[in-house]
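Written below as structure tokens is the structure these notes are about.
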Amino acid sequence: MQANRNRNNKKKIINDPIYGFISIPDEFIFDVIEHPYLQRLRRISQLGLSHLVYPGAVHTRFQHVIGAMHLMGKAISVLRKKGHDISDEEKRAVLLAILLHDIGHGPFSHALEFDIVKSVTHENISAYFIERLEKSFGADLRLALTIFEDNYHKPFLHQLVSSQLDMDRLDYLNRDSFFSGVSEGIIGSDRLIEMLAVHNGNLVLEEKGIYSVEKFIVARRLMYWQVYLHKTVVAAEYMLIYALRRAKTLVRNGVNVFSSPALSFFLEKDVLKADFEQNEAVLEKFAALDDYDILQSLKVWSTHSDPTLSFLSASIVDRRLFKIEISKKPFTENDISEVKSRLAVDPRFKDQDLNYLVFSDKLTNKAYNQEFQNINLLLKSGEIIDLSEASDNLNISALARPVEKYFLCCPR
């Protein structure tokens, strides 16, 4: 698809509830935003089924990537003011990289990431989309992809897109906090951006930003337990996962299951990384898939002749969510068997496959990962140290240790 270059794209602004008016940097970026691949993100929820707990949390990936692009523009301005060399071409490319970083998300974002496709992350698919867009838009997208994949000779540009202090996280914490109403997620993104610097090609934070970044990490930890891993949200999203798995099983056993043409493609076969790389049509099928395909299917499946599929689907549509038990220890096979035995004697479940109605898994919350592009502080002396070594207010080392919880979910 060729970009339409004949429009008057100048001085376009978007009114955002978090930042106010956001200016689109130039006509080229506006054309990319207008492309159907990016417009599709208006139909991908940012927080999956979290709105079943927090009714206001109905914002989209589109809003998020626009906000992240806005913060990226501010970060580039700050770094330029501090004397770091960033050309106009590099600025445009890194703005495009953050704008397109989530373009590979499927329906309901992380909830169905490994059920719609197999062995392919949303980052992989984002890269495939950027490669495809390059055919329409040219070399600017090639440089954006190089930065996105961390193959550029200025690593700090990639770190602004993907690291533990990137524009992605700075936007989604404030945005998700705003729409969910969970105030613990509010962070001082302006202060953090003002404290950014570059040392030996890598992104660092000036020492005086230490308390702001500590609050950022604590806010992330709290948002995970209160929103992203809220136990009722987990129950709803796993119900959705198992509804889709049941539909896949039925389709592959020759049972007629309603779905949109795009969803049918992914129900009928396991789509692997190699499929995206060998067949351009697979990416187009994925581009046609969004939350609406899943929601429409759930409504129809709620009256399907298969009692397991209909029960799961109706329970999601009508918000009759499963109960969920949280434990610090893994649930054993005996624990799961006991629940299944109890349900098996209940007349409501006599015709259902309990393997789809009783499930257990692990939840992990790691607010700061010292093994993944750690946050380095630039001291006044010029020394670089890891954040966890410099903290004197909160024990970041403790926050770096993953907290693991286990859950068991079943019908009430």
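The values are calculated or read from the model by the stated rules, or taken from the named source; none is laboratory data. Remember, it's a predicted structure, so these values are computed and weren't measured experimentally. Because the Cβ atoms are built from the backbone with ideal geometry, glycine has one as well, and the counts that use them run over all protein chains shown.
Quick rundown of the values:
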{"quantity": "Tally, over region 324-345, of residues that are out of contact with any Ser or Thr (no Cβ under 8 Å at 6 or more places or on another chain) and closer than 20 Å to Y238 by Cβ", "calculated": "13"}
{"quantity": "Conditions (1) crowded, with 22+ Cβ neighbours inside 10 Å; (2) modelled with pLDDT under 95; (3) over 22 Å from D171 (Cβ atoms): number failed by A247", "calculated": "(2)"}
{"quantity": "Region 217-243 residues that are in the same structural domain as F359 (by TED's automatic domain parsing), paired with ones that are among the small types (G, A, S) and not in a helix (DSSP H, G or I) (beta carbon under 7 Å, 6 or more apart)", "calculated": "E237/G48"}
{"quantity": "Residue under evaluation L378, criteria (1) hydrophobic (A, V, I, L, M, F, W, C); (2) buried (at least 18 other Cβ atoms within 10 Å of the Cβ); (3) more than 18 Å from A235 (Cβ to Cβ); (4) without any contact (Cβ under 8 Å) to a residue 40 or more places away in the chain, criterion not met", "calculated": "(4)"}
{"quantity": "Residues located in region 271-289, provided they are in contact (Cβ under 8 Å) with a residue 60 or more places away in the chain and touching a Ser or Thr at 6+ places or on another chain (Cβ under 9 Å)", "calculated": "L272, K273, L289"}
{"quantity": "Filter pass, K273 being within 20 Å of the chain's Cα centre (by Cα) and surrounded by fewer than 16 Cβ atoms within 10 Å (Cβ to Cβ)", "calculated": "yes"}
{"quantity": "Residue within region 330-340 that is surrounded by 11 or more Cβ atoms within 10 Å (Cβ to Cβ), under 22 Å from H304 (Cα atoms) and not basic (K, R) present", "calculated": "no"}
{"quantity": "E284 among the charged types (D, E, K, R), at pLDDT 95 or above, within 28 Å of K362 (Cα to Cα) and not assigned by TED's automatic domain parsing to the domain that holds L38", "calculated": "no"}
{"quantity": "Residues located in region 349-373, provided they are surrounded by fewer than 16 Cβ atoms within 10 Å (Cβ to Cβ) and either over 30 Å from T249 (Cα atoms) or free of Cβ contacts under 8 Å to residues at least 40 places away in the same chain (or both)", "calculated": "K350, N355, N369, E371, F372"}
{"quantity": "Matching helices (runs of 4 or more DSSP H) fully within region 163-243 where at least 1 residues are surrounded by fewer than 22 Cβ atoms within 10 Å (Cβ to Cβ) and modelled with pLDDT of 95 or more", "calculated": "167-180, 189-194"}
{"quantity": "Scan of region 155-166 for residues that are among the hydrophobic types (A, V, I, L, M, F, W, C) and more than 19 Å from Y224 (Cβ to Cβ), ordered by number", "calculated": "F156, L157, L160, V161"}
